[in-house]
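Comments concern the structure below.
Where a number appears in this text, it was derived from the coordinates with a stated rule and is not lab data. Please read these numbers as outputs of a predicted model, since none were measured by experiment. Positions of Cβ are generated from backbone atoms using ideal geometry, with glycine treated the same way; all protein chains shown enter the neighbour counts.
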Amino acid sequence: MQTDNRARVLDYPVDIVDLSAALQKIEGYWASRQSAHVVTMNAEMVVQAQKDRHLSDIINGATLVVPDGAGVVFAIKLSGQAGPDGCVRVPGVELSLSALQAAAKKGLKVALIGGKPEVMQKLAAKLQTEPQFDGIKLVAAQDGYFDKAQEAAIIQNIADMQPDLVLVALGVPKQEFFIDKYRHLFTHSVMIGVGGSFDVWTGTVERAPESYQKMHLEWLYRLKKEPWRFSRMASTLPNFALQVLFKMVLLRKGLR
Ligand code: UDP
């Protein structure tokens, strides 16, 4: 079941929800024991999807698509789809942390997949010791560098634990392909692709300071810290902005 307040960003669905509404949706999936794929959408992902039919289909078929990036929020506002309550970012790193805390409170089963082995070790220890995660049932803590030949068996073992929440940190689009491939095994799990969130939660990678977040410049901070992202961003962000502006001009002229 998809949500009722969906915008389109360059023909991709994005649900207009804030953090608490997105969390409510997730709690609703748990309550109805429904399997769900939550996508955290940003401008880079939109442009990647335009070039990749498989990714495009996955996004179109996702249960919930939250506006993770400032570019996506900007596009929704510019096109007048934000509605009376506006549209705000729902950063994946925050939504998935809230989902973990909610799962802990409810005593639900959680599986973590992805990240470097040492990061996963740190994260598993954090979840088992910090009071904010009291009650959590961690049923799998699988790093993302396993032997490909063993992948099917590893994932089947995790699915057999019937987790309620599965966080997959393999980066975009690998994590989306992964969730799509194995979703049929996780019959009542909420599955979220969380990118580098495990690195952030364990302090392995620093998230942008609030000043950057407030100015919608989190992407710039990431670029400063991880310059290898330049070519990926340079080939997607201007492309996204131009397409959004072009579409707005066409709309204003009544051509679309
Ligand atoms: N990763 C992994 N296995 C892989 C490739 C990547 O577990 O084969 C992890 C990597 O350790 C990192 C995350 O995936 O924790 C990707 O983080 P990034 O911030 O690059 O994600 P994105 O920018 O794509 O959201």
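Listing for the model above:
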| read-out | value |
| --- | --- |
| GNM top mover of 149, 124, 99 - the chain, alpha-carbon springs below 10 Å | 149 |
| Gained length - residue 220 relative to residue 125, 0.36 nm times residue gap less alpha-carbon distance | 31.1 nm |
| Cα gyration tensor shape for the stretch 1-130, rounded if a/c is under 1.5, else prolate or oblate | prolate |
| Whole-number D in µm²/s for the stretch 112-189 (Stokes-Einstein; Kirkwood sum over Cα pairs; 20 °C, 1.002 mPa s) | 163 µm²/s |
| Test item: Cα-centred dipole of the stretch 141-245, Lys/Arg +1 and Asp/Glu -1 on Cβ, debye | 460 debye |
| Residue with peak Gaussian network fluctuation, the chain [Cα springs, cutoff 10 Å], from 207, 89, 229 | 229 |
| Nearest-20 debye value, the chain charge dipole, Cβ charges on Lys, Arg, Asp, Glu | 660 debye |
| Label point distance in nm, residue 228-residue 181, each placed 7 Å from Cα along Cα→Cβ | 2.1 nm |
| P(r) histogram, all alpha-carbon pairs of the chain included - 10 Å bins from 0, percent | 7, 31, 37, 20, 4, 1 |
| 14 Å beta-carbon shell around residue 163, net charge (K/R +1, D/E -1) | +3 |
| Gaussian network model of the chain, springs between alpha carbon atoms under 10 Å - residue of 38, 65, 205 with greatest fluctuation | 205 |
| Over the chain, relative contact order from alpha-carbon pairs under 8 Å, at least 6 apart, % | 21 percent |
| 5 angstrom amide H check on residue 190, placed H, neighbours 5+ away | 36, 165, 166 |
